[in-house]
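Enquirer: Structure provided below as structure tokens; questions to follow.
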Amino acid sequence: MTTPLKVLVIGTGGREHALARALSLDPGVAEVHAAPGNPGIASVASLHDVDPLDPASVAALAQRLAVDLVVVGPEAPLVAGVADAVREAGIACFGPSGEAARLEGSKAFAKEVMAAAEVPTAQARVCTTPEEAAAALDEFGAPYVVKDDGLAAGKGVVVTEDRDAALAHAAQCERVVIEEFLDGPEVSLFAITDGDRVYPLQPAQDFKRIHDGDEGPNTGGMGAYTPLAWAPADLVDEVLRDVLQPTVDEMARRGTPFSGLLYAGLALTSRGTRVVEFNARFGDPETQPLMALLDSPLSPLLMGAATGTLADVEPPRWKPGAAVAVVLASGGYPETSSSGDVIRGLADAEAVDGVHVIHAGTARDGADVVTAGGRVLAVTAVGDSLAGARAAAYDGVGRVSFDGAQHRTDIAARAAEQG
Ligand code: AMP
Ligand code: GLY
């Protein structure tokens, strides 16, 4: 029996709440700490103050708390080198180095790695002038796909039939990637890796647009579910063989091994599976339903990835049934967000069988919990079937209210109908 671990989770979002909650339920974990955290995370972890973008401060906090493992949730601290600083301080860290996090931090770099590893993805051009952008748009034709090269919290991508709108977005960015449009359903497939061994998780699906029927602008994600009964049975094996392992191997070959969570955003197109994007961290909100169904303890997987010993850890196991998360966003999202709106009905929602509420943009204001960001919370539910999980999640959603609240009513609807 190994000594139970002390773990520090860095971040403030729903993903971090879902991870901290799973760690708090893990018998191998003695203490869960989080920084900066949010009111939901406070119910499963001790909160501390830190600037998550300052590598030295995060490393110092980890040392002061004498934790065994730091889990870095969001991409910006990873790109800033937080995992490097924690490891330099002699503490195990789940999350890639700043250099390896460029797989997410630069779309152009990700394309270069995919080309080298022969990973199937959309054809793309990197453009820095309006003339180059116009030529690339005309080369690929409509619908146009224009991506800011840098980090943009899921909102730097414009997909449009309108050539002027595509050009206008390109003009706003210093460097853009313009690429071929990929048709077909999207799948989020995450893998835990120590830079060598790769353990895929169960596939999930995210809903990126703000409105029902995939209308309106892109968001960070308005809901998610897992598993995907409709996906091809060999999807995970195919993506492990053609995408995840070759990418991890290519990063190692370059001397910048990638450890942590490799997120493959995939399109199942008429011409085969293609990578839409890589992220260097767990997806939000997909992590909410995935953690709800994970049957294995989380800490050995994260510790194995952080210490290069994943081969000694059993691959993840999953509970039967399904899980659904429905995001409630604040007024004005995604263009702006409203803060300080009092959130009512949280306990009522959690009284629904199978439901728990994951906090993202929330804050305490005296006795109240109030909105404090674009995506406010995710009502997450498990059930024996997808339809059951979905019904429970929406029962919970119906019990939560705040001024300006927005949610989609069609999360997992089509998949639940198909059974
Ligand atoms: P990304 O940040 O690259 O994941 O893009 C955000 C969203 O834009 C994706 O989840 C897709 O819905 C959409 N998107 C990105 N690239 C493409 C593409 N080549 N074809 C069609 N849709 C895309
Ligand atoms: N759910 C999309 C993301 O985490 O980037």
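Enquirer: A135 passes all but one of (1) within 22 Å of T256 (Cβ to Cβ); (2) open to solvent by 20 Å² or more (accessible area, probe 1.4 Å); (3) part of a helix (DSSP H, G or I); (4) of a type outside the set (S, T, Y); which number fails?
Expert: Result: A135 fails condition (1) only.
Enquirer: So which of G308, G321 is under 29 Å from H211 (Cα atoms) and at pLDDT 95 or above? Show your work before the answer.
Expert: On the way: G308 fails: under 29 Å from H211 (Cα atoms).
Result of the check over G308, G321: G321.
Enquirer: Tell me, which residue of region 206-218 that is open to solvent by less than 30 Å² (accessible area, probe 1.4 Å) and within 19 Å of P289 (Cβ to Cβ) is farthest from ligand 1 (Cβ to nearest atom)?
Expert: F207
Enquirer: OK, next. Based on what the data block shows, is A115 open to solvent by less than 20 Å² (accessible area, probe 1.4 Å) and either out of contact with any Ser or Thr (no Cβ under 9 Å at 6 or more places or on another chain) or more than 16 Å from ligand 2 (Cβ to nearest atom) (or both)?
Expert: Spelling it out, it is not the case that A115 is open to solvent by less than 20 Å² (accessible area, probe 1.4 Å) and either out of contact with any Ser or Thr (no Cβ under 9 Å at 6 or more places or on another chain) or more than 16 Å from ligand 2 (Cβ to nearest atom) (or both).
Enquirer: Now for a separate question. Restricting attention to region 45-54, does a residue exist that is buried (at least 24 other Cβ atoms within 10 Å of the Cβ), modelled with pLDDT of 95 or more and under 23 Å from R102 (Cα atoms)? Step through it out loud before you land on a result.
Expert: Kept after step one, since they are buried (at least 24 other Cβ atoms within 10 Å of the Cβ), are these residues of region 45-54: 45.
Then drop every residue that is not modelled with pLDDT of 95 or more, which leaves 45.
When the remaining residues are screened for being under 23 Å from R102 (Cα atoms), the result is none.
No - not one qualifying residue is present in region 45-54.
Enquirer: Within region 315-325, which residues are touching a Phe, Trp or Tyr at 6+ places or on another chain (Cβ under 9 Å) and either open to solvent by 50 Å² or more (accessible area, probe 1.4 Å) or over 24 Å from T226 (Cα atoms) (or both)?
Expert: P315
Enquirer: Another question about this same structure. More than 16 Å from ligand 1 (Cβ to nearest atom), open to solvent by less than 50 Å² (accessible area, probe 1.4 Å) and over 28 Å from G260 (Cβ atoms): is that true of A85 in this structure?
Expert: no
Enquirer: Here is a further query. Determine whether V276 is within 11 Å of ligand 1 (Cβ to nearest atom) and more than 23 Å from G81 (Cα to Cα).
Expert: yes
Enquirer: Within the set of pairs 6+ apart or on separate chains, which have a first residue in region 196-217 that is closer than 27 Å to D162 by Cβ, a second that is of a type in the set (F, W, Y) and within 12 Å of ligand 1 (Cβ to nearest atom), and C-beta atoms under 9 Å apart?
Expert: Short answer, once both residue conditions are applied: D214/F207.
Enquirer: Among the listed residues V79, V146, identify the single one that is of a type outside the set (K, R), open to solvent by 20 Å² or more (accessible area, probe 1.4 Å) and within 16 Å of ligand 1 (Cβ to nearest atom). First the steps, then the outcome.
Expert: Details: V146 fails: open to solvent by 20 Å² or more (accessible area, probe 1.4 Å).
From the options V79, V146, the qualifying one is V79.
Enquirer: Sticking with this structure for a sec: When you go through A329, A311 one by one, which is the residue that is of a type outside the set (V, I, T), more than 16 Å from A360 (Cα to Cα) and away from ligand 1 (no atom under 16 Å from the Cβ)?
Expert: Answer to the check: A311.
Enquirer: Hey, does region 149-162 have a residue that's open to solvent by less than 10 Å² (accessible area, probe 1.4 Å) and assigned to a strand (DSSP E or B)?
Expert: No, because not a single residue in region 149-162 is open to solvent by less than 10 Å² (accessible area, probe 1.4 Å) and assigned to a strand (DSSP E or B).
Enquirer: Is at least one residue of region 84-100 under 18 Å from L53 (Cβ atoms) and of a type in the set (S, T, N, Q)?
Expert: The answer is yes, given that some residue of region 84-100 is under 18 Å from L53 (Cβ atoms) and of a type in the set (S, T, N, Q).
Enquirer: With the requirement that a residue be open to solvent by 10 Å² or more (accessible area, probe 1.4 Å) and under 15 Å from V72 (Cβ atoms), what does region 1-44 give you?
Expert: Passing the criteria: T12, G13, R15, V32, H33, P36, G37.
Enquirer: Scan region 237-268 residue by residue and report those that are open to solvent by less than 20 Å² (accessible area, probe 1.4 Å) and assigned to a strand (DSSP E or B).
Expert: G260, L261, L262, Y263, A264, G265, L266, A267
Enquirer: Let me confirm something: among G90, G73, G156, which residue is within 16 Å of ligand 2 (Cβ to nearest atom) and farther than 21 Å from V275 by Cα?
Expert: Answer to the check: G73.
Enquirer: Condition test on A252, is it at pLDDT 95 or above and within 12 Å of ligand 1 (Cβ to nearest atom)? Can you show your working first?
Expert: Working: at pLDDT 95 or above: yes; within 12 Å of ligand 1 (Cβ to nearest atom): no.
No.
The values are calculated or read from the model by the stated rules, or taken from the named source; none is laboratory data. Bear in mind the structure is a predicted one, so any value in this text is a computation, not a measurement. Cβ: placed from backbone, ideal geometry, glycine included. Neighbour counts: every protein chain shown. These area figures cover heavy atoms from the full protein model, side chains too; ligands, DNA and RNA do not enter into them. Shrake-Rupley method; radii C 1.70, N 1.55, O 1.52, S 1.80 Å.
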